[in-house]
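Here is the structure we will look at.
The values are calculated or read from the model by the stated rules, or taken from the named source; none is laboratory data. Source: prediction; values computed, not measured. Positions of Cβ are generated from backbone atoms using ideal geometry, with glycine treated the same way; all protein chains shown enter the neighbour counts. Ligands, DNA and RNA are excluded from the accessible area calculation, which covers all protein heavy atoms including side chains. Shrake-Rupley method; radii C 1.70, N 1.55, O 1.52, S 1.80 Å.
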Amino acid sequence: TYDTSFSTAKTASHQYLSDGTYTIKLEVRDRGGLNDITTRQVVLSSTPVLNVYPASLSFITQEKGDNPPDEYLQVSNKGGGILQWSLSADLTWLKADHTSGSLNLGDSNTVRISVLTSGLSKGTYNGTLTITANNSNTEGSPKTIPVSLTIIEASAKPILQVSPSVLSFIGTEGGKKP
């Protein structure tokens, strides 16, 4: 779709009133008569697009030890319009710092995910987080995020290995640091 709007200002803007594919033509002229033209197509959409990163979460800790470090989900709107989302989990041992949000185009929310291991014994636990758009026209909804928690035996001690076992530095007094 073409229109005939133009501007002689240093910064130009144009508002499109409906979704669609538009051809943008930019022509630049200097006072000396030199000019350059470029043409691009842009697709405008008022449809929200749900995007969630990362695609999975994994936690590991020792039995009867501290809860593992928190993980984070990034929920974003890669489309247009306003995206209203909610998060649900089938896991009693999982906690999110917030379970809903509202996002404009390009906005994102960071959701902190915590694991509560109290009462859980050694083993692997699996479940799913589901992020669902409340808007019926949203693309990419729902998103399911697999979550795994591994609790290892308390007596399993980490082994620290250092390589190389010796570091040598040679320098000259008053000279550059090695």
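Data for the structure
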item	result
Carbon plus sulfur fraction of accessible area for region 1-107, probe 1.4 Å, in percent	49
23 Å Cα-Cα reach of Lys64 towards lysines, excluding residues that sit fewer than 8 places from it in its own chain	Lys95, Lys122, Lys157
Placed amide H near Thr47: partners under 5 Å, 5+ positions off or other chain	Gly80
Partner aspartates and glutamates for Lys78 [C-alpha distance under 17 Å; skip if fewer than 8 residues away on the same chain]	Asp19, Asp107, Glu139
For the chain, the longest site-free run once chymotrypsin sites (Phe, Trp or Tyr not before Pro) in DSSP loop states with at most 16 other Cβ atoms within 10 Å are removed	17-168
Accessible solvent surface per residue of the chain, calculated while the other protein chains remain in place, 1.4 angstrom probe, Å²	73
Förster radius 25 Å - calculated FRET efficiency between Ile82 and Arg112, Cβ distance, rounded to 0.05	0.60
